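A quick write-up on the structure given underneath.
No value in this document is a laboratory result; all are computed from the given coordinates. Given the structure is predicted, the values throughout are model-derived calculations rather than measurements. Every residue, glycine among them, receives a Cβ derived from its backbone with ideal geometry; neighbour counts consider all protein chains shown.
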Amino acid sequence: MAAADTRLNLKVLSPSTEVNGDISFNDISASTTVADLKGLIQTAIASRPAVERMRLIHRGRVLARESDTLSDVFGAETVWFVV
C-alpha cells in the first residue's frame, strides 16, 4: 500500500488566542502537503488567519518545505498501514 493511500488522524495544538481548543483532522491523507495542511487549518479557524502567518512545528523542527507531505514529516516508520 502506498503512502498516498494511507489515512491518519491529526491533532494540531496552537498557543494562539484565535484558536478555541485543539484542531483535529480525522482521516486525512498522508500525502497531504504542509501547504495543504495550512489551508485546512485556515478554514478550521473562524478568523481565517493568513497561511503566511502560520508556522508549523513538529518535534522542535519548523516545517519549512511546503511541498513536504505528512508522510515525509512523520516518517514512514510512524505512519501505520491498516489492511
Quiz prompt | Relative packing of 61-71, 42-52, which averages over residues the other C-beta atoms within 10 Å, highest first | solution = 61-71, 42-52
Quiz item: Taking the Cβ-Cβ separation of residue 17 and residue 50 as r and a Förster radius of 22 Å, what is the calculated FRET efficiency to the nearest 0.05?
Solution: 0.90
Quiz item: For residue 59 and residue 7, what is the calculated FRET efficiency with R₀ set at 25 Å and r taken between the beta-carbons, to the nearest 0.05?
Solution: 0.70
Self-check item: Cβ charges +1 (Lys, Arg) and -1 (Asp, Glu), total dipole of segment 3-74, debye
Solution: 220 debye
